[in-house]
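Peer 1: Sharing a structure below in structure tokens format, with a few things to ask.
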Amino acid sequence: MTKRSYSPVPFSEVAVTGPFWRERLDVVLARTIPSQHARLAEAHILEALKLPQPPPPLYIPRNSHSFTMQVFWDSDVGKWIEAASYALAHRRDPDIEAKVDAIVDDLDRAQRPDGYLNSWYNGREPDKRWTNLRDNHELYNAGHLLEGAIAYFRATGRRRLLDVMERYVDHIAATFGTAPGQKRGYCGHQEIELALVKLYRLTGDKRRLDLASYFIDERGRQPHYFTGEALARGDDPADYWAKTYEYNQSHIPVREQTRMVGHAVRGMYMASAMADLAFERDDEALKRACEALWRDVTTAQMYVTGGLGPSETNEGFTEPYDLPNESAYAETCAAVALAFWAQRMLHLDLDGAYADVMELALYNGALSGLSREGSHYFYANPLESRGQHKRWAWHLCPCCTMNVSRLVASIAGYAISASESGVAFHLYGGFETTAEIGGVKVALSERSDYPWHGGVEIRVEPETPIAFDLKLRIPGWAHSATVAVNGAPVELVVERGYANIRRRWSRGDIVTLNLPMPPERLYAHPRVRMDIGRVALRRGPLIYCVEEADNPGAAVQSLTLPRAASLEAEWRADVFDGAMTLVGEGRRLEPADARGALYTPSQPRLKADKVTAIPYHLWANREPGSMQVWIGETVE
Ligand code: FUB
Ligand code: ZN
């Protein structure tokens, strides 16, 4: 593995100019970030930062395991700062910056002299720090605050929060590790590992990378830390409410894990950190462990939308091919985190298969978590509804709200990578940057109306002519792509998902890429029992669904698509602010028995009916109604 290959061009150095992501970004800047701050205040989460003071009341009652989600409020603050910072990189905003700075004041004041910083423990149980890593999210909170601090510094150059968090990281590094007197613990909810790698990349301080490696490699070792910790608290480890350490992926050491189990977000954050460490340390064995988990997730456990985790019980994985539609949990955070992991896998190998999953999760399973108007959310992202699912304005556990906003606000950071020898475009949709290649500044501007249309134009403007690789991702769904340079067709050789154009580039060179987007039918592996006899629709990177608002008359579950029915893409200016719909001549199932017998020897009648499908991420933005991704397929 050659580590020094492609690295993402950071979000702060890529402008978003295309209509699709520009619109989402503007909504996040103008509505989502300010409204999330207001919700954090209303939910008392900001008040809890104001220490020293008597701790705020318990706003979220303890559950039957004596757990309250209030313990991870700090993480929501960290994620909001991170999302706001990505937004600020696109448009500075004194009001938002004043709000961040006010939070920084509180955190600065709340930090203990030894560097410890946690609103729950500082205010309420100062003598119980680090006594329940399994459940109480202390290191998870630290990780999110640290990610927020790094993003704020990158966006504004202000480093006060970063200083606070570096002091806290010093404290954590002194507390945990393998040296005598240190705790050999790690967090029940992975997250700090990712943040520490980011800190290392910002500061170059290798101690941060070592701490991340320690947390990853200590996980799941025997004697099991959470067992000893429970005994030390006077608890019976056998009473663990989640029943199994698979829940937090500490059942065996991470390098031995080949199946993704347990809580989906935890698993995704862990795998992302593993990929980061494999990259930074050129660690072949860790890379192989990532690949095994990747195969498992993407071949047997992932929804067609890029959603992950069918079960509400553990907010996570169950059995291979167990992908129920209506009861799908598919937490927004898990799809967001799949995009994180895919991006990291992509940089281990520059294989378009990773970018395909990244794009799938971004446009579908993750984006569905945010409403069109920007202040309502989905926590679970089912693939079928009878109309019972409605977006919510906030949630007792608002983890998904800031995960989706930090993803959308940082979308620019997923589009382009650069290396010594060239540039790679992973996403299209209007992205511009200036990369330094072989010591020459090269301005790159990609223009397209992606994902609605597959025509892409890339203008290359080096300061002086220079030879380098321009790698263009040819998505797995694109079957007859073509490329031309300055109007002259180029033979398309696609290697692991990328067409490489190596030439001496000069100012004004223009590459045109055409990615035809015919509507396509997708079928699930026959072991996905819920999707037998059903078909899903895809066009380009978008997965589609049928929703009652476009298919009135009865629940969309009564619609079918004849196997031979053609599907047409139809631009509809009246659907939201304009969207590409898919339209086909479908059927409505009607009872064969006029009296409505529950069971009859006759098949239902098939009545011709138009089927209109919209992109999945747009569903549940109009009046409530039924929705379905996997549509029944009939012979006629
Ligand atoms: O536990 C913190 C976050 O809350 C998890 O990542 C989500 O799944 C939700 O449980
Ligand atoms: Zn969530």
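The values are calculated or read from the model by the stated rules, or taken from the named source; none is laboratory data. Given the structure is predicted, the values throughout are model-derived calculations rather than measurements. Ideal geometry is used to build each Cβ from the backbone, glycine not excepted, and the neighbour counts take in all protein chains shown. Heads up: the accessible areas ignore ligands, DNA and RNA and are worked out on the full protein's heavy atoms, side chains in. Shrake-Rupley method; radii C 1.70, N 1.55, O 1.52, S 1.80 Å.
Peer 1: Picking from Phe215, Gln343, Val14, whose Cα lies most toward the positive end of the charge dipole for the range 7-414 (charges on Cβ: Lys, Arg +1; Asp, Glu -1)?
Peer 2: Of the candidates, Val14 comes out farthest on the positive side.
Peer 1: While we're here: Can you tell me the accessible area per residue over the range 7-414, all protein chains present, probe 1.4 angstrom, in square angstrom?
Peer 2: On the way: 13220 Å² over 408 residues.
Each residue of the range 7-414 exposes 32 Å² on average to a 1.4 Å probe.
Peer 1: If you don't mind, another one. Which lysines does Lys79 reach when only Cα atoms under 20 Å apart count, and residues fewer than 8 places away in its own chain are ignored?
Peer 2: Output for Lys79: Lys50, Lys99, Lys198.
Peer 1: Find how much the distance from Lys50 to Glu568 grows on full extension, using 0.36 nm per residue of separation minus their present alpha carbon separation; answer in nm with one decimal.
Peer 2: Numbers: separation 518, 0.36 × 518 = 186.48 nm, distance 5.68 nm.
Roughly 180.8 nm would be gained on extension.
Peer 1: Starting from the residue with the highest accessible area, list Thr17, Thr227 in decreasing order, probe 1.4 Å. If you can, show how the numbers build up before the last one.
Peer 2: Working: Thr17 65, Thr227 45 Å².
Largest to smallest exposure gives the sequence Thr17, Thr227.
Peer 1: While we're on this one: Per residue, how much accessible area does the range 416-514 show when a 1.4 Å probe rolls over the protein heavy atoms, in square angstrom? Could you put the intermediate results ahead of the total?
Peer 2: On the way: 4120 Å² over 99 residues.
Per residue, the range 416-514 has 42 Å² of solvent-accessible surface.
Peer 1: Roughly speaking, what is the centre-to-centre gap between the range 278-319 and the range 1-54 when only Cα atoms are used, to the nearest Å?
Peer 2: The distance from the Cα centre of the range 278-319 to that of the range 1-54 comes to 25 Å.
Peer 1: Just to make sure I understand: if all protein chains stay in place, what is the order of Asp577, Asp550 by accessible area at 1.4 Å, largest first? Walk me through the numbers before you get to the answer.
Peer 2: On the way: Asp577 120, Asp550 25 Å².
Ranking Asp577, Asp550 by accessible area, largest first, yields Asp577, Asp550.
Peer 1: Right, something else. Over the chain, what percent of the accessible surface lies on carbon and sulfur atoms, probe 1.4 Å?
Peer 2: Details: 12220 of 23660 Å².
About 52 percent, which is the carbon plus sulfur part of the accessible surface.
Peer 1: May I pose another question? For the range 520-634, what is the charge dipole size about the Cα centre, in debye to the nearest 20, if Lys and Arg each add +1 at the Cβ and Asp and Glu each add -1 at the Cβ?
Peer 2: Values: 15 positive and 15 negative charges, 103 e Å.
Dipole magnitude for the range 520-634 comes out near 500 debye.
Peer 1: Next up: Quick one: putting +1 on the C-beta of Lys and Arg, -1 on the C-beta of Asp and Glu, what dipole do you get for the range 416-514 around its Cα centre, in Debye to the nearest 20?
Peer 2: Details: 10 positive and 12 negative charges, 28 e Å.
It comes to approximately 140 debye.
Peer 1: Based on Cα positions only, what radius of gyration and what Dmax would you give for the chain, in angstroms?
Peer 2: Gyration radius and largest Cα-Cα distance of the chain: 24.9, 79 Å.
Peer 1: Once Lys and Arg get +1 and Asp and Glu get -1 on their Cβ, which of Val629, Leu537, Tyr523 lies farthest toward the positive end of the dipole of the range 520-634?
Peer 2: Most positive-ward Cα: Tyr523.
Peer 1: Roughly what % antiparallel, to the nearest 5, for the DSSP beta bridges in the range 541-636? Before the final figure, lay out each step's value.
Peer 2: Working: 22 of 25 bridges.
Counting only bridges with both partners in the range 541-636, antiparallel ones make up about 90 percent.
Peer 1: Enter the accessible area of Arg534 (Å², nearest 10), with the probe set to 1.4 Å and all protein chains included.
Peer 2: Surface accessible to solvent at Arg534 totals approximately 60 Å².
Peer 1: Could you rank Arg595, Arg539, Arg255, Arg529 by how accessible they are, 1.4 Å probe, largest area first? Write out the running numbers ahead of the final one.
Peer 2: Values: Arg595 210, Arg539 20, Arg255 90, Arg529 145 Å².
The most accessible residue leads, giving Arg595, Arg529, Arg255, Arg539.
Peer 1: With a 10 Å radius around each residue's Cβ, average the other Cβ atoms per peptide and rank 489-496, 290-297, highest first. Don't skip to the answer; put the middle values down first.
Peer 2: Details: 489-496: 12.1, 290-297: 19.9.
Order by mean packing, descending: 290-297, 489-496.
Peer 1: While we're looking at this one, here's another question. What FRET efficiency do you get for Ile466 and Val635 if R0 is 60 Å and r is their Cβ-Cβ distance, rounded to the nearest 0.05?
Peer 2: 0.55
Peer 1: Same structure, new question: Note the full-extension length gain between Ala98 and Ser64 as 0.36 nm times their separation in residues minus their Cα-Cα distance, in nm to one decimal.
Peer 2: Numbers: separation 34, 0.36 × 34 = 12.24 nm, distance 3.96 nm.
Between Ala98 and Ser64, full extension yields 8.3 nm more.
Peer 1: Right, another one. Using label points projected 7 Å from each Cα along Cα→Cβ, tell me how many nm separate Asp26 and Arg109, to one decimal.
Peer 2: Spacing of the two 7 Å Cα→Cβ label points: 3.9 nm.
Peer 1: Once you put a point 7 Å from the Cα of Arg91 and another 7 Å from the Cα of Val440, both along the Cβ direction, what distance in nm separates them?
Peer 2: 3.6
Peer 1: Hey, what number do you get for the chain at 222 nm if only DSSP H runs of n ≥ 4 count, each worth -39500 (n - 2.57), divided across all residues, to the nearest 500?
Peer 2: Numbers: 16 runs with 202 residues, N = 636.
That comes out to -10000 deg cm²/dmol.
Peer 1: Rounded to the nearest 0.05, what FRET efficiency is calculated for Ala488 and Ala285 with R0 set to 45 Å and r the Cβ-Cβ distance? If you can, show how the numbers build up before the last one.
Peer 2: Values: r = 46 Å, r/R0 = 1.02.
The calculated FRET efficiency here is 0.50.
Peer 1: To continue, here is another question. Magnitude of the Cβ-charge dipole of the chain, K/R +1 and D/E -1, about the Cα centre, nearest 20 debye?
Peer 2: On the way: 72 positive and 83 negative charges, 53 e Å.
So the dipole magnitude of the chain works out to roughly 260 debye.
Peer 1: Let me ask something else about it. With every protein chain present, what accessible area does Leu350 have (1.4 Å probe, heavy atoms only), rounded to the nearest 10 Å²?
Peer 2: Around 30 Å² of this residue is reachable by solvent.
Peer 1: How much FRET efficiency would the formula 1/(1 + (r/R0)^6) give for Ala238 and Asp205, where r is the Cβ-Cβ distance and R0 is 35 Å, rounded to 0.05?
Peer 2: Efficiency computed from Cβ-Cβ geometry: 0.30.
Peer 1: Provide the solvent-accessible area of Glu193, counting protein heavy atoms only and rolling a 1.4 Å probe, rounded to the nearest 10 Å².
Peer 2: Roll a 1.4 Å probe over it and Glu193 shows about 0 Å².
Peer 1: Hey, another quick one. Let me check against my output: what whole-number percent is the relative contact order of the range 520-634, with C-alpha pairs under 8 Å and at least 6 apart?
Peer 2: On the way: 225 pairs, mean separation 41.0, N = 115.
Relative contact order comes out at 36 percent.
Peer 1: Could you let me know the centre-to-centre spacing of the range 83-125 and the range 428-446, using Cα atoms, in angstrom?
Peer 2: 33
Peer 1: Could I have the simple spin-label model distance between Arg521 and Asp351, label points 7 Å from Cα toward Cβ, reported in nm to one decimal?
Peer 2: 3.1
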